[in-house]
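Take a look at the structure set out below.
The values are calculated or read from the model by the stated rules, or taken from the named source; none is laboratory data. Predicted, not measured: the structure shown is a model, and the values here were computed from it. All Cβ positions, glycine included, derive from the backbone under ideal geometry; neighbour counts span all protein chains shown.
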Amino acid sequence: MPLLDADRLMPVDSAARGLARALYATVADLPIISPHGHTDPRWYATNAPFPDPAQLFVTPDHYVFRMLCSQGIALTDLGVPRADGGPTETDGRKIWRLFAQNYHLFRGTPSRMWLDHAFETVFGFDVPLSASTADDYYDRIDAALATPAFRPRALFDRFKIEVISTTDGALDDLRWHQMIRASGWQGRVVPAYRPDAVVDPEFAGFAENVARLGELTGEDTATWSGYLNAHRIRRAFFIGYGCTSSDHGHATARTEDLPQDQAALLFARALRGECSAEEADAFRGQMLTEMARMSLEDGLVLQIHPGSRRNHSASMLEMFGRDKGFDIPGRTDYVTALRPLLNAVGMDNRLSVIVFTLDESAYARELAPLAGVYPALKLGPAWWFHDSPEGMRRFREMTTETAGFYNTVGFNDDTRAYLSIPARHDVARRVDCAFLATLVRTGRLAETDAYEVAHDLAYRLAKQAYRL
Amino acid sequence: MPLLDADRLMPVDSAARGLARALYATVADLPIISPHGHTDPRWYATNAPFPDPAQLFVTPDHYVFRMLCSQGIALTDLGVPRADGGPTETDGRKIWRLFAQNYHLFRGTPSRMWLDHAFETVFGFDVPLSASTADDYYDRIDAALATPAFRPRALFDRFKIEVISTTDGALDDLRWHQMIRASGWQGRVVPAYRPDAVVDPEFAGFAENVARLGELTGEDTATWSGYLNAHRIRRAFFIGYGCTSSDHGHATARTEDLPQDQAALLFARALRGECSAEEADAFRGQMLTEMARMSLEDGLVLQIHPGSRRNHSASMLEMFGRDKGFDIPGRTDYVTALRPLLNAVGMDNRLSVIVFTLDESAYARELAPLAGVYPALKLGPAWWFHDSPEGMRRFREMTTETAGFYNTVGFNDDTRAYLSIPARHDVARRVDCAFLATLVRTGRLAETDAYEVAHDLAYRLAKQAYRL
Amino acid sequence: MPLLDADRLMPVDSAARGLARALYATVADLPIISPHGHTDPRWYATNAPFPDPAQLFVTPDHYVFRMLCSQGIALTDLGVPRADGGPTETDGRKIWRLFAQNYHLFRGTPSRMWLDHAFETVFGFDVPLSASTADDYYDRIDAALATPAFRPRALFDRFKIEVISTTDGALDDLRWHQMIRASGWQGRVVPAYRPDAVVDPEFAGFAENVARLGELTGEDTATWSGYLNAHRIRRAFFIGYGCTSSDHGHATARTEDLPQDQAALLFARALRGECSAEEADAFRGQMLTEMARMSLEDGLVLQIHPGSRRNHSASMLEMFGRDKGFDIPGRTDYVTALRPLLNAVGMDNRLSVIVFTLDESAYARELAPLAGVYPALKLGPAWWFHDSPEGMRRFREMTTETAGFYNTVGFNDDTRAYLSIPARHDVARRVDCAFLATLVRTGRLAETDAYEVAHDLAYRLAKQAYRL
């Protein structure tokens, strides 16, 4: 019995299902364009084997360990490292068994689909993971990981990844990207410019980070113009390694377009650590507009990812640090927030600003109307908690009528879970084909057009929107 | 090959589809009640031919040109007039070709359905519009427009419009409405009273507009009581031309019920241009309640259309003026905002207040619960960006369980795109029949009742709610 | 012709329908766990017959009379008692006829399904209620109510209620619960601790209520520690009657975790009636966290029901009092609001905090992410206006992917309409089975797992989450 239903995510009705299958057949094997994600460039650089099944599937995947945590399982029992270096479980098999015993918690979740997809297509399992199959799973995955076919580069080829972007801090030396290039390996791995540490006055060590930015670029980053120039230089450095986008994850979508002298004063206050919360927010917003202006010069695509309230649990932040599943979406305004940036550069179609949301109520109300009129603005795909069959369906249902398909940018997996990448793209392709088939069967799209759109959504739009 | 699928918007499942078809067959040919819209009364008065295909389908339709704009096409290339009278494209064929070349952008949008509906049913096309068919389309439409059968009044009859309302400023002399009446033509075209220019302190020329209101009515509109009387007189003037409703488009749903002496003071400040943004908002809110009280006297239905943040792009406003596709919906509160008005007059069932929303998150949360209890309050149909198959479906799914069908008011097309009117009503009738058929097939509505409700939604409720 | 479709709420597609039916067959007859509701304990204590059909179905059910009110029918014509004791209709048959005449208003609403369910399954009707069948309905129901089989305890058994919770004020003497226990009847009826009157500084008579709390417990409730102790004592008193939960209905989800000395000062201000609206809100928020801490001691499940703006119509409140259908949901924030409580006790899996919402936009955005990570937090089912087929479907579609099934708590009916209880649980079971069947048919859930989950949602989770 396979873990995966061959018709999964297809429409239930047989007429629509037949067409959805036919559409899917034309895109199922297209190469993967992964323009936004969090895989570790070191994997591709060193091509070292993944350590063990738990380290591959459980310990680094916050989708997985947050669900286990929600039922009272301690993160230390799952091997999640402690911020203070204190004891955490290191026995992979023990972690794996705990995970397997609780695998029923994932019923109905996308994590379950992604995991089963990897279990079946990468490791060949045909019996579901459970307490009774835990050891067999562990042994077989563990053995496979030791073989060349399961090293990062081999999987890269097997997954048909045409290009993948990592996400890298502005101060990063891109050493792994250098090593990849130097290695002669042909896999295309590019960085993305993520400058949170040097554009957010509330980021730990902001002033030191900005000073370091000066050292790296030879600019006087104590001045506003030197600081902006330093960004230009770092962006050029990233572009030298194939970078085509910058990425900005703020709590809100606020943008500003202050007069340059006011921006300079705000920057000075930020460097001195004198910004109020409101001023820090304004400065971050100003930097989005500055980055958009730099994009007009150097062509980087600007990504805005607002809406996550990070580190909701103070005790978990203290014990385990950031990115431990305690980032919770909140209500996000776009209409007012994006106005300064859009008024500054939104009518310029040389620019590509891609906006994501964690607040689905903004899809039809704000984001589709904005992307459906501003030449510079495009909608990123359903994201994070909404990167799921229902989430993707809602995205299409709520954005297509006002923004069409061509103000969206295809799919991106946004993941650090390497083995989930083919599964995630497969889910997106299936959901989109199901949506298109339903449109055709309800007379809202011509069948011939549906084939073209299916290809656009699975492949062309991501490549084009991200200039890859 | 027809452009339209005969079963478009019917449920995919064959059992539900059969019933939906049967329901639709009973309402498909009902006359059109169009109680709220923006067609130009001059069309009906002069009955002049429409100038050319581009002027008919592209240049005046912000749904169409905003989508083209979103992909970097300049509005001047589409013939949209500039505010400064500067050059804009005037070659209809050139505009049409640009539109046709980019027709794929409308895939999956309601605009595409509306356009195809007109192309097929009004002009007889059976091949889709595209770059290669652009000239043929242009020639045939252009030729048709020169014939009597395509003049406004002939189309009015062909579209089976029983009655249509235009939207007219409070200071309008209704000359076209007078001319229609004087012409002896039997088409029923009525005005709606839209007093934005004289109730919104932030409207350009507010004080002058109010002075002009005084001249038109012989009232001293420098006083609060004279100002209110002047409204009464203008409303009576509109009613003389068949008007049954007033229409109010504010950024928020705020209402106020201030003591009359405070309202008078606020009005005085407004006339002197001394209102803060907050006070201007309060004044607009007060005027909604005043209008509601006048409605108790003269029977006009009060329509509230909140939630659009107008003219989002400052540069586009400057270059092209208002209503150019840059009005973006925003989050809208109703519970607190409508309370003063509802507390003043909401329990009076002689009154009919129809509320629309651009914020769908309010459907189930606020609007259905409010309309499901206050006798004076009814829900307007899915509106503007939500006037679409998915939007209409969500409207029914999210309002029916709490408000039922009989606290809604049927459909209105709200359009200035004359040729889209039959298409829009057809979409609404199909979506509603599909919804009803699904209710029947899932045991939530008796089949006999469904036929009655289908008729109510397509025809009777609009007529009754708008007192037409 | 039956009133109910045997396949109601099953998926339309035949493949999914067959499976949904099979799933439903396994849970349709499970006993009812009703862990949260508002039936009157007096019914079970005295086992007196219900007075007449109108008093059973119309006059006490705000779902019913608010819909009639929305179409202009006066509550006094429906027999709703006036606050001033003034005249209201007392002729049951007259009320019933008015209700029957207007039964079409309920088309498409859950009230219609609940009523028809009771009419058919409890009273054996097979012709719909209407003006022409009104008297027959009245006579037959009236006659039935006079017989032993229709007394509260007989219906309790007939409905297969395994356990039901009432909701009781903190100052309640639980005399009916005592009488039930003393009677030797085996029906399990337990109270829930609802302390609004003694935790909300804005509740009428707050200081007197707190003083009374002191008298009942022998604690000095003029002091913060005495006040908290008094709660502990009352909770223990409730627990003695089988209580397993407390229930808290605030306008917002605000929680606080102030230092104890500040909380004591705030309490003192509250007793003196000196709290501002903001301080009252803070105090209510503080008490949620205090109650959560007490739950860690005594094991009561903590329920938070925020988001209703109570008594929207001032005139209706004055004329008829509270709970008359004029409570309207509003936008509700959870991420920021719940943070103090969750930071204090949210990681403790001995605690069970169940959160409900009237703002569905929070399901996927805030509540599922929070419940999907905090061990102490669970999601209550679709609630109040959303306790309906579409509402329940949206609940599952928007929460399952992030929170899974096992961070939800099954269904509760939350009703004072006794005869609707089996109908409501039946609707929930059907909707859940339809959802599960759809997941299976789209490859998102294994068929064997679906049977287990169906049982969990219909029975086990409610029992476990509420510790019943």
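Below are the figures for this structure:
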item: Counted residues, segment C:446-467 - those being buried (at least 23 other Cβ atoms within 10 Å of the Cβ) and not in a helix (DSSP H, G or I); result: 1
item: Of the criteria (1) more than 7 Å from every other protein chain (Cβ to nearest Cβ); (2) at positive phi, which one B:Leu461 fails; result: (2)
item: Residues that are surrounded by fewer than 19 Cβ atoms within 10 Å (Cβ to Cβ), in contact with a Gly (Cβ under 8 Å, 6 or more places away or on another chain) and aliphatic (A, V, I, L, M), drawn from segment B:193-223; result: B:Ala207, B:Ala222
item: Qualifying residue in segment C:86-100 (condition: closer than 24 Å to C:Phe385 by Cα and either of a type outside the set (A, V, I, L, M, F, W, C) or in contact with a strand residue (DSSP E or B) (Cβ under 7 Å, 6 or more places away or on another chain) (or both)); result: no
item: Unmet requirement for A:Ala417, which otherwise passes all of (1) small (Gly, Ala, Ser); (2) under 18 Å from B:Glu390 (Cα atoms); (3) more than 7 Å from every other protein chain (Cβ to nearest Cβ); (4) out of contact with any strand residue (DSSP E or B) (no Cβ under 8 Å at 6 or more places or on another chain); result: (2)
item: Positions within segment C:321-335 being in contact (Cβ under 8 Å) with a residue 60 or more places away in the chain and more than 8 Å from chain B (Cβ to nearest Cβ), in sequence order; result: C:Gly321, C:Asp323, C:Lys324, C:Thr332, C:Asp333, C:Tyr334
item: Of all residues in segment A:11-29 being over 25 Å from the mean Cα position of the chain (by Cα) and assigned to a loop (DSSP other than H, G, I, E, B), the one that is farthest from the other protein chains (Cβ to nearest Cβ); result: A:Pro11
item: Members of segment A:104-131 found to be at negative phi, out of contact with any Gly (no Cβ under 7 Å at 6 or more places or on another chain) and assigned to a loop (DSSP other than H, G, I, E, B), listed by number; result: A:Val122, A:Phe123, A:Phe125, A:Asp126, A:Val127, A:Pro128, A:Leu129, A:Ser130, A:Ala131
item: Residue within segment A:298-313 that is farther than 29 Å from C:Val373 by Cα, charged (D, E, K, R) and modelled with pLDDT of 95 or more present; result: yes
item: Some residue of segment A:128-142 being within 30 Å of A:Gln186 (Cβ to Cβ), among the hydrophobic types (A, V, I, L, M, F, W, C) and buried (at least 19 other Cβ atoms within 10 Å of the Cβ); result: yes
item: Filter result for the condition that a residue is under 16 Å from B:Phe326 (Cβ atoms), in contact with a strand residue (DSSP E or B) (Cβ under 8 Å, 6 or more places away or on another chain) and in contact (Cβ under 8 Å) with a residue 40 or more places away in the chain, over A:Leu358, A:Leu338, A:Leu302; result: A:Leu338
item: Filter pass, C:Asp52 being out of contact with any helix residue (DSSP H, G or I) (no Cβ under 9 Å at 6 or more places or on another chain) and either crowded, with 22+ Cβ neighbours inside 10 Å or at pLDDT 95 or above (or both); result: no
item: Residue ranges of helices (runs of 4 or more DSSP H) in segment B:282-396 with at least 1 members surrounded by fewer than 23 Cβ atoms within 10 Å (Cβ to Cβ); result: B:314-320, B:339-345
item: Residue match in segment B:272-280 (condition: surrounded by fewer than 20 Cβ atoms within 10 Å (Cβ to Cβ) and within 28 Å of A:Ala364 (Cβ to Cβ)); result: yes
item: Any hit, segment B:78-92, residues being buried (at least 16 other Cβ atoms within 10 Å of the Cβ), under 22 Å from the mean Cα position of the chain (by Cα) and not in a loop (DSSP other than H, G, I, E, B); result: no
item: Residues that are among the charged types (D, E, K, R) and farther than 20 Å from C:Glu215 by Cα, drawn from segment C:234-249; result: C:Asp247
item: Counted residues, segment B:132-155 - those being farther than 17 Å from B:Lys94 by Cβ and either in contact with a His (Cβ under 7 Å, 6 or more places away or on another chain) or assigned to a helix (DSSP H, G or I) (or both); result: 11
item: Segment C:302-320, subset among the aliphatic types (A, V, I, L, M) and out of contact with any Asp or Glu (no Cβ under 9 Å at 6 or more places or on another chain), residue farthest from the other protein chains (Cβ to nearest Cβ); result: C:Leu317
item: Selection within segment A:126-159 - within 14 Å of chain C (Cβ to nearest Cβ) and either of a type in the set (Lys, Arg) or in contact (Cβ under 8 Å) with a residue 60 or more places away in the chain (or both); result: A:Asp126, A:Val127, A:Pro128
item: Meets criteria (assigned by the TED database to the domain that holds A:Thr221, in contact with a helix residue (DSSP H, G or I) (Cβ under 8 Å, 6 or more places away or on another chain), hydrophobic (A, V, I, L, M, F, W, C) and free of Cβ contacts under 8 Å to residues at least 60 places away in the same chain) for A:Val345; result: yes
item: Single residue of segment C:369-412 satisfying the filter (among the small types (Gly, Ala, Ser) and more than 7 Å from every other protein chain (Cβ to nearest Cβ)) that is farthest from C:Val27 (Cα to Cα); result: C:Ala376
item: Qualifying positions in segment A:434-468 - over 16 Å from A:Glu162 (Cβ atoms) and either modelled with pLDDT under 95 or under 22 Å from the mean Cα position of the chain (by Cα) (or both); result: A:Ala454
item: Criterion (under 15 Å from A:Gly242 (Cα atoms), in contact with a Lys or Arg (Cβ under 7 Å, 6 or more places away or on another chain) and among the aromatic types (Phe, Trp, Tyr)) met by exactly one of A:Tyr138, A:Tyr193; result: A:Tyr193
item: Residue check, B:Arg441 of a type in the set (D, E, K, R), within 11 Å of chain C (Cβ to nearest Cβ), under 28 Å from B:Ala292 (Cβ atoms) and in contact (Cβ under 8 Å) with a residue 12 or more places away in the chain; result: no
item: Condition met for B:Phe326 (out of contact with any Ser or Thr (no Cβ under 9 Å at 6 or more places or on another chain) and of a type outside the set (Gly, Ala, Ser)); result: no
item: Any hit, segment A:62-74, residues being surrounded by fewer than 20 Cβ atoms within 10 Å (Cβ to Cβ), in a helix (DSSP H, G or I) and among the hydroxyl-bearing types (Ser, Thr, Tyr); result: no
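Listed here are the residues, each with its yes/no results for (1) assigned to a helix (DSSP H, G or I); (2) out of contact with any Lys or Arg (no Cβ under 8 Å at 6 or more places or on another chain); (3) among the aliphatic types (A, V, I, L, M).
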{"position": "A:Ile180", "(1), (2), (3)": "yes, yes, yes"}
{"position": "A:Glu202", "(1), (2), (3)": "no, yes, no"}
{"position": "A:Glu208", "(1), (2), (3)": "yes, yes, no"}
{"position": "A:Leu216", "(1), (2), (3)": "yes, no, yes"}
{"position": "A:Glu219", "(1), (2), (3)": "no, yes, no"}
